[in-house]
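The values are calculated or read from the model by the stated rules, or taken from the named source; none is laboratory data. If you're wondering where the values come from, they're calculated on a predicted model, not measured in any experiment. In this analysis, Cβ positions are derived from the backbone assuming ideal geometry, glycine residues included, and neighbour counts consider all displayed protein chains. Only protein heavy atoms, including side chains, enter the accessible area calculation; ligands, DNA and RNA are left aside. Shrake-Rupley method; radii C 1.70, N 1.55, O 1.52, S 1.80 Å.
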Amino acid sequence: MLGGMQDAPLRISNIIDHAAREHGAREIVTRWADGSTTRSNWAGIAGDARKFSQALEKLGMKKGDRIATFAMNHGHHLAAWYGISGMGGVVHTINPRLFEEQLVYIMNHAEDRVLLFDKAFEPIIAGLKDQLKTVEHYILFDGEGDYPTFRELTDAEDGNFDWVEGDEREPCGLCYTSGTTGNPKGVLYEHRSNVIHAITEGQPDAMNLSQSSVMLPIVPMFHANAWGLPFACAVTGSKMVFSAVNDGEVLHNLVLDEGVTHSAGVPTVWLAMFQHMDANTVDYGKLEMVVIGGSAAPRAMIERLMKAGVYVLHAWGMTETSPIGTIGMRPPNWDDLSFDQKVDIICKQGRTPFGIEIRVVDDDGNELPRDGESSGSLHVRGPWVLDQYFQDESGKCVGDDNWFDTGDVAVIHPDGTMQITDRAKDVIKSGGEWISSIELENAAVGCPGVAEAAAVGVYHPKWDERPLLLIVKKDGADLSGEDVVDYLKDKVAKWWLPDEVKFVGELPHTATGKILKRALRDEYKDYRLETA
Ligand code: ADP
């Protein structure tokens, strides 16, 4: 027997309709790469979205088709998101910083039919075009060129379009994550998962969003949907401020000029903003909260912001978890705590909102107690947690009980606070983005004179981690660090190149002959890179 409530699926189009109807005048501001600023609002974004849906239908796009965006944060990107999912399409956001091979792989794997891109990325697209097997239409988001522009396409439509309806579990977004090894893997978001994630995200113990909030997402829209903020802000009717460039001065000016109350980004972006403020005026304007995630928020950063009266919401998550997994909620006795006690709490990764469950398990899969000491693999499950990568032959990546192994190592404290203590996956996280240590090593062993190579992430004050490449030379080889870096230059993305190459006599191995990464990470824990 069904209950007595209406059958109203949770779809992305309901979010934008709500924002346009109830908060239509709330502004959406874009600071473009050329320095100009444009202003729209939720009603304007909804109008553009409907027109873009019409344009996509005219191009022959159908429900389920993947439409890729290769773009920074701006209002056209936002309208395109809602337009694509509104016509039943799947928004495939692409990280433009990936290496050419990865870009080609993911666009072909996703079978993208349309590619929208920023003028600034035109040279990259020109270099890839011949290798893209499924893209039929190219659209420029801004500027002018050899392709139709987003504005031309939307201006040609009247906006008289009914959103395509369907099941709430249909897909609406796709984001590839280039984790440890092998090809990048696609995480396919659903209307329902994005909607309930958005509702959760705005809550008081989470990002505390309301119609008076002004959100500047510094986290890119290609990074786990800008952590879901473009959906959460439409639910709450918050003003949004976008910047197509990530520059400390530009971002700081936006904070002051637009009355930004909330912002979100990886630790690295805050360092850039601090640097600018230190050289100019230290003024946080109306900033109340910054969300820091993607890598552990450093204590000094938390202290600086909290001293200035800005609450740091330290969050943990993954592309696979949409991305919110845990959030740094304030405990009920918050006001009675000392400053240091508060900072101690914020340094940890926080607690789960309703919907998410976490546990830590030992190597045999036994659940460990929540005692703040027993450290194990962190598992997560819930309605916005992945259960299978997109078009992945290996099938489901969770067990019968739906637990997803995050590759992080953590403890859970008695009050439910999770604290990341290590990482089991073999990756380096630089400025919030992945460098695959295994791919770096595989490339390095191709270099003449190299017998064995291991890449480890070493602490860096600006990027959080940077790669240190350890090399065992072949007998008698005459090889310098520069030779290795030169060799790698056309094999990996520029920002993947190791900060340092260190020659060692031997590397530690496991019983099965694999390089013992954990031992190396321990050994080089306090290593100081010359670039640091
Ligand atoms: P995102 O950076 O959006 O959270 P990714 O999928 O790129 O998502 O990376 C997820 C991984 O980043 C996590 O599994 C974890 O290793 C690391 N990570 C994310 N947030 C934190 C955090 N607050 N503290 C420590 N590590 C984190």
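For region 242-285, what class follows from the C-alpha gyration tensor (a ≥ b ≥ c being the square roots of its eigenvalues): rounded when a/c is under 1.5, otherwise prolate if a/b is larger than b/c, else oblate?
Rounded, since a/c falls under 1.5.
Under a straight-distance cross-link criterion of Cα-Cα below 19 Å, which lysines are reachable from Lys51, leaving out those fewer than 8 residues away in the same chain?
Those lysines meeting the cut-off are Lys62, Lys63.
For the chain, build the charge dipole from Cβ charges (+1 Lys, Arg; -1 Asp, Glu) around the Cα centre, then report which of Gln102, Ser295, His74 sits farthest towards its positive end.
The listed residue farthest towards the positive side: His74.
Carbon-plus-sulfur fraction of the accessible area of the chain, 1.4 Å probe, in percent?
47
Reachable lysines from Lys429, Cα under 22 Å, same-chain residues fewer than 8 places away excluded?
Hits, sequence-local ones excluded: Lys185, Lys348, Lys462, Lys489, Lys491, Lys494, Lys502, Lys514, Lys517, Lys525.
Please compute the contact order of region 357-446 in relative form: average sequence separation of alpha-carbon pairs under 8 Å and at least six residues apart, divided by the residue count, as a percent.
Relative contact order here is 23 percent.
Provide Met318, Met215, Met1 ordered by accessible surface of protein heavy atoms (probe 1.4 Å), highest first.
Reading off the accessible areas and sorting them downward yields Met1, Met318, Met215.
Does region 1-136 come out rounded, prolate or oblate by the C-alpha gyration tensor, with a ≥ b ≥ c the root eigenvalues, rounded set by a/c under 1.5 and, if not, prolate when a/b is larger than b/c and oblate if not?
oblate
Rounded to whole Å, give me the distance from the Cα center of region 259-317 to that of region 490-532.
Between the Cα centre of region 259-317 and that of region 490-532, the gap is 30 Å.
Once both labels are modelled 7 Å past Cα along the beta-carbon direction, what's the His18-Thr281 spacing in nm?
Result for the modelled spin labels: 3.7 nm.
Would you please classify the overall shape of region 105-183 from the alpha carbon gyration tensor, given that a ≥ b ≥ c denote the square roots of the eigenvalues, rounded means a/c under 1.5, and beyond that prolate means a/b larger than b/c while oblate covers the rest?
Because a/c hits 1.5 or more and a/b fails to exceed b/c, region 105-183 counts as oblate.
If I take every Cα pair under 8 Å that is 6 or more residues apart in region 385-427, average their sequence separation and divide by the length, what percent do I get for the relative contact order?
26
Checking the cross-link filter: which lysines have an alpha carbon closer than 20 Å to that of Lys286, excluding same-chain neighbours under 8 positions apart?
Lys239, Lys307
Output the relative contact order of the chain, whole-number percent, from Cα pairs under 8 angstrom with separation of 6+ residues.
RCO, the chain: 10 percent.
Might you tell me the accessible area per residue for the chain, computed with a 1.4 Å probe and given in Å²?
Solvent-accessible surface per residue comes out at 42 Å².
Whole Å is fine, so just give me how far the alpha carbon centre of region 101-161 lies from that of region 355-390.
If we compute the Cα centre of each part, the gap is 39 Å.
Once the chain is represented by equal point scatterers at the alpha-carbon sites, with solvent omitted, what log10 I(q)/I(0) does the Debye formula produce at q = 0.12, 0.13 Å⁻¹?
Listed by q, the Debye log ratios stand at -1.21, -1.42.
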